[in-house]
Structures are given as structure tokens and as C-alpha cells.
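Participant: Would you mind keeping the following structure in view while I ask a few things?
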Amino acid sequence: MPRHAEPTLMNRVRELRQAVPGLTQQALAEQVSVTRQTIIALESGSYAPSLALALRLSQVFACPVEKIFWLEESTS
């Protein structure tokens, strides 16, 4: 039975953050109680957030979680 590739978790964190004047990676990190390095990793797509972090980001951006994060099927 062929094995399907796992979907990739995508996000709009950078886009949403940059849409808020003056919201730096550090300021966002402080608002959601993580380090700036976590925000950098999230924005680059190398980190999948916990559910709690995804919900905190949703609150900060006043946007449903599914508008920030989604699964993209692999084409390989």
C-alpha cells in the first residue's frame, strides 16, 4: 500500500504581523509568551506551534485559527 506524504502546516503569521504597524517579532513574542526565536521559526515555517500558541496568535490577530494556519498537501 503506497504511503502518502504528510501535509505541510502553512501559516500567515509574518503577513498578519507585518499588517500591524509597529508589531515587531519581539513584541508579538511577548504578547503570546514565547521567545523571538519561536516567532522567527514560525514565520519561516520550520516550527509547528502548540494548540495553545495557535489560539493565542488567533486572539492577538483577532482572526480564526484556520485563517492563520492550514494544511497544504504535498505534491511528491
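Bear in mind that the values in this text are calculations on the coordinates, not laboratory data. Quick caveat, the model's predicted, so the values are computed rather than measured. Quick reminder, even Gly has a Cβ in these numbers, built from the backbone with ideal geometry, and neighbours come from all protein chains shown.
Participant: To the nearest 0.05, how large is the calculated FRET efficiency for Ser74 and Ser50 if R₀ is 25 Å and r is the Cβ-Cβ distance?
Facilitator: So the FRET efficiency works out to roughly 0.65.
Participant: Between Cys63 and Val20, how many nm apart are label points set 7 Å from Cα along the C-beta direction?
Facilitator: 1.0 nm
Participant: Moving to a separate point now. Can you compute the FRET efficiency between Glu6 and Ser33 using 1/(1 + (r/R0)^6), with r the Cβ-Cβ distance and R0 = 30 Å? Round to the nearest 0.05.
Facilitator: 0.60
Participant: Does the range 8-70 come out rounded, prolate or oblate, given a ≥ b ≥ c as the square roots of the eigenvalues of its C-alpha gyration tensor, rounded meaning a/c under 1.5 and, failing that, prolate meaning a/b above b/c?
Facilitator: rounded
Participant: When the helix-only estimate is applied to the chain (DSSP H runs of n ≥ 4, each -39,500 (n - 2.57), divided by the residue count), what is the mean residue ellipticity at 222 nm, nearest 500 deg cm²/dmol?
Facilitator: Rounded to the nearest 500, it is -12500 deg cm²/dmol.
Participant: Follow-up question, since we're still on this one. Hey, what do the phi angles of the range 25-33 turn into as Karplus ³J(HN,Hα) couplings, whole Hz, using 6.51/-1.76/1.60 and θ = phi - 60°, x for Gly and Pro?
Facilitator: Karplus-based 3J(HN,Hα) across the range 25-33 equals 4, 5, 5, 5, 4, 5, 5, 10, 6 Hz.
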